[in-house]
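Participant: Pasting a structure here, questions to come.
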Amino acid sequence: MNTEHIKEFILLASNLNFSKAAEDSFISQSSLSKHIRILEKELGTQLFIRTTRSIRLTETGIMFLPYAKKIIGLCDSYSSELELFSSRDNNKLVVGIISNPQYYDLAGYMIGFMIAEPDINFNLIEADEIGLLEMFKQRKYNLFTAFPPSELTGNYEFLPMVETKFVALVNISHPLANKTSLSLKDLSGEKILIPGRNSTLQTIIKDAMIKQGLEFCPTYEGSSIGSIELLKAGMGISLHSVEFSNNLPNNSNIQAIPIEPDIKFVYGIGHRPIDELSSSEKKYLNYLKQFELKKL
């Protein structure tokens with residue numbers, strides 16, 4: 001059974017449009033029709049009811065659809081596994097890195113390793129937290145910058161690297177800009193700009209506010225760059241890590257103010273069990289283990 005034919009079946013079942021399914025599959029409509037007929041012959045059943053005006057799945061087509069998706073999912077997983085297996089003994093190192101690396105002080109560790117191991121081809125894949133977790137599940141890499149495992153992130157082995165804390169970022173024209181510190185209660189009623197929806201950082205902020213009996217109702221949930229642009233325009237107060245605030249340009253007209261009591265969080269490297277890592281990934285993980293968790 002041709003897996004490409006199964007993929008084409010899934011596309012056609014999703015939009016029930018031969019023209020669109022053929023276009024998305026980069027083949028002609030006649031080829032798509034031929035492939036569907038071949039698949040129906042192999043399965044011994046009709047998958048679609050076709051008329052001059054419409055197309056719909058048969059009962060057996062509806063029955064086959066979830067199995068088709070499982071087949072393609074398994075094939076994709078195997079391809080990823082095979083790719084990882086094929087690269088286990090070479091000098092390629094693929095590391096997933098979370099967006100906005102200025103949040104995290106891991107760049108120095110990466111540079112140090114690249115100097116120590118010049119023969120290893122170091123590759124970085126950048127994505128947001130959800131994207132990194134999804135690619136980790138798909139085995140696009142075995143090492144990635146991460147937060148400690150939780151119900152939100154799922155399970156993986158974790159090497160803690162840095163403990164840090166949030167600070168409040170405000171435009172220097174804001175009435176609170178002259179404060180030496182701020183509490184979460186001070187921020188009540190302000191337009192709050194925080195990291196993206198369903199992220200670990202947002203969850204930490206949300207939990208801290210709810211714990212103090214404060215309503216969690218952010219004005220902006222999005223990228224760090226987006227929040228900074230809003231801050232420059234004088235809109236609201238944003239919460240970011242100390243490292244992020246230290247990397248802001250001096251002419252940004254944004255003031256960093258400590259939050260009391262501290263709202264801390266830890267980040268580091270997520271990875272699979274040691275026996276599933278390539279030789280290069282093991283070298284990098286062993287290199288990182290020499291650095292103890294730094295606390296502010």
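The values are calculated or read from the model by the stated rules, or taken from the named source; none is laboratory data. Note that the structure is a prediction, hence the values are computed from the model and not measured. Neighbour counts are summed over all protein chains in view; Cβ atoms, including those assigned to glycine, are modelled from backbone coordinates with ideal geometry. Remember, those area values only see protein heavy atoms, side chains included, never the ligands or the DNA or RNA. Shrake-Rupley method; radii C 1.70, N 1.55, O 1.52, S 1.80 Å.
Participant: Just checking, does the stretch 99-110 include any residue being surrounded by 14 or more Cβ atoms within 10 Å (Cβ to Cβ), of a type outside the set (Asp, Glu), in a strand (DSSP E or B) and modelled with pLDDT of 80 or more?
Facilitator: No; the residues of the stretch 99-110 include none that is surrounded by 14 or more Cβ atoms within 10 Å (Cβ to Cβ), of a type outside the set (Asp, Glu), in a strand (DSSP E or B) and modelled with pLDDT of 80 or more.
Participant: Hey, among the residues in the stretch 187-211 that are in contact with a Leu (Cβ under 8 Å, 6 or more places away or on another chain) and open to solvent by 70 Å² or more (accessible area, probe 1.4 Å), which one's farthest from GLU163 (Cα to Cα)?
Facilitator: SER188
Participant: Could you list, in sequence order, all residues of the stretch 240-290 that are farther than 17 Å from ILE225 by Cβ and β-branched (Val, Ile, Thr)?
Facilitator: Result: VAL242, ILE257, ILE259, ILE263, VAL266, ILE269, ILE274.
Participant: Here's another thing I want to ask about it. Criterion first (open to solvent by 60 Å² or more (accessible area, probe 1.4 Å), under 22 Å from the mean Cα position of the chain (by Cα) and at pLDDT 85 or above) does GLU134 satisfy it?
Facilitator: So GLU134 passes the test.
Participant: What's the number of the condition ASN155 fails, among (1) free of Cβ contacts under 8 Å to residues at least 12 places away in the same chain; (2) closer than 30 Å to LEU230 by Cβ?
Facilitator: (2)
Participant: Ok, one more. Are there any pairs with C-beta distances below 7 angstrom linking a residue in the stretch 198-212 that is in contact (Cβ under 8 Å) with a residue 12 or more places away in the chain to a residue that is in a helix (DSSP H, G or I), with the two at least 6 apart or on different chains, and if so which?
Facilitator: The qualifying pairs are ASN198/ILE130; SER199/GLU129; THR200/GLU129; GLN212/LYS185.
Participant: So, of the residues in the stretch 156-186 that are more than 19 Å from PHE265 (Cα to Cα) and of a type in the set (A, V, I, L, M), which turns out to be surrounded by the most Cβ atoms within 10 Å (Cβ to Cβ)?
Facilitator: Ranking the qualifying residues of the stretch 156-186, first place goes to VAL170.
Participant: Let me ask something else. Go through (1) more than 21 Å from MET135 (Cβ to Cβ); (2) surrounded by 14 or more Cβ atoms within 10 Å (Cβ to Cβ) one by one and return the number of the condition GLU215 breaks.
Facilitator: (2)
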